[in-house]
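A quick write-up on the structure given underneath.
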Amino acid sequence: MKLDTDKIGGLNLLSTSVLIVDVNGMIEYVNAACESLLGRSNKILFGFPVSSFLPKAREWIGSYKKNPSSLFSVHAELTELILRPGALVQVYASVHPLPEEDQLLIIELQPAKNSLLLNHNKHMNDLSENTRRLLRNLAHEIKNPLGGIRGAAQLLEFDLKDEEQKEYTRVVISEADRLQGLVDKLLAPYRQPYKPSKTNIHEILEKVRLLIESEFSSGLTIVRDYDISVPEIDGDRGQLTQIFLNLLRNAVEALEEQIRENTAQLTISTRVVHHVMIGALRHKTALNIHIVDNGPGIPPELQESIFFPLVTGKAGGTGLGLSLVHSFVEQHGGSIEVYSRKGKTDFSLLFPLEL
């Protein structure tokens, strides 16, 4: 059967693997993503029985032949895909008839690992966004009464004659100022307008590296592993500087013991990567930056929530630095993840590139 090229032309633009098979289970077409997944071209796969590497397809096609209907569908069923003898991967499969072609079925495949990761990232982003929205609203609600408390304490201090009693009002004023500073930090990501321009990321990283080295002049080795082919990115120079200043400073602060022992190492690497998912979108090219330290690692109970506001593993920390980093990375259309164990903490950032 000859396929209508107008109907299937757009399938090569999808990141999902797609096959079109006839009612006898023979492959009529696979898109580019499916060619990549199976390691075989559309030309080679044409006329090949789909059940030879997707055994469950035999059952789906049998069910459709018994009761052909435009309403027939299989939604996100977990099954096995045979890439080669002995090599199986779990995939989620969806099946439905090709519109206006009752002799053809379209099968969509999504590797289970990718699907689970995407759902996990979406869940974490939703939690993070809801937390930030709650704190943003709470911060606005706190500011007005906080100003009133501070003002009342100042008036009371003015009327008091006893210096010992004035100490109490000064404590109130001092704590009101401290809370005001905390509220301002909570609102900081939403006050700074995003102003992108063509930016050399290595220039930003070198500026931050020099600042860190000036603060920690001994006991720390910073290794630079730059890919000189990385093009300029569209980014806000101020926000990018803040992102890497926070990440590097956090890393160095975690290396306190290693710095004393003269074994502290911080590695900054940049690479161009291809065909990656950032959030729910697939990008042909992206910039991948790793900030790696050989410190004690992030406690396991904090790793899932480390980018949430007010979450910190540092004594005296506010938990706002990494939340700010996460917000700025998202404004750039990027993503940030962390892998941590004793002796290695790796913050991995992805920024989309237009080449």
* **Distant-in-sequence amide H partners of F48 (H built 1.01 Å from N, under 5 Å)** => I27
* Asked: Taking 0.36 nm per residue of separation and subtracting the Cα-Cα distance, what length does fully extending Q165 through L14 add?
  -> 47.3 nm
* **Computed lengthening from R260 to D102, 0.36 nm per intervening residue step minus Cα-Cα distance** => 49.6 nm
* **C-alpha center-to-center spacing [segment 35-73, segment 232-264] in angstrom** => 50
* Which FRET efficiency, nearest 0.05, do E203 and V172 yield, Cβ-Cβ r, R0 30 Å? -> 0.05
* To do: Return the FRET efficiency for the residue pair E232, S73: r is the Cβ-Cβ distance, R0 is 41 Å, and the value is rounded to the nearest 0.05.
  => 0.35
* Ordering of 166-173, 199-206 by burial proxy (mean other Cβ atoms within 10 Å per residue, highest first) -> 199-206, 166-173
* To do: Provide the packing ranking of 37-45, 100-108, 285-293, i.e. peptides ordered by the mean count of other C-beta atoms within 10 Å per residue, highest first.
  => 285-293, 100-108, 37-45
* State the percentage of accessible surface on segment 16-87 attributable to carbon and sulfur atoms; use a 1.4 Å probe and exclude ligands, DNA and RNA. => 55
* To do: Provide the FRET efficiency to the nearest 0.05 for the V276-L83 pair, computing r from the beta carbons and using R0 = 30 Å.
  => 0.90
* Structure fact -> Sorted on mean Cβ neighbours within 10 Å (highest first), peptides 209-216, 241-248 come out as 241-248, 209-216
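The values are calculated or read from the model by the stated rules, or taken from the named source; none is laboratory data. Keep in mind that this is a model prediction, so the values were computed, not measured. Neighbour counts are summed over all protein chains in view; Cβ atoms, including those assigned to glycine, are modelled from backbone coordinates with ideal geometry. Heavy atoms of the whole protein, side chains included, go into the accessibility calculation; ligands, DNA and RNA do not. Shrake-Rupley method; radii C 1.70, N 1.55, O 1.52, S 1.80 Å.
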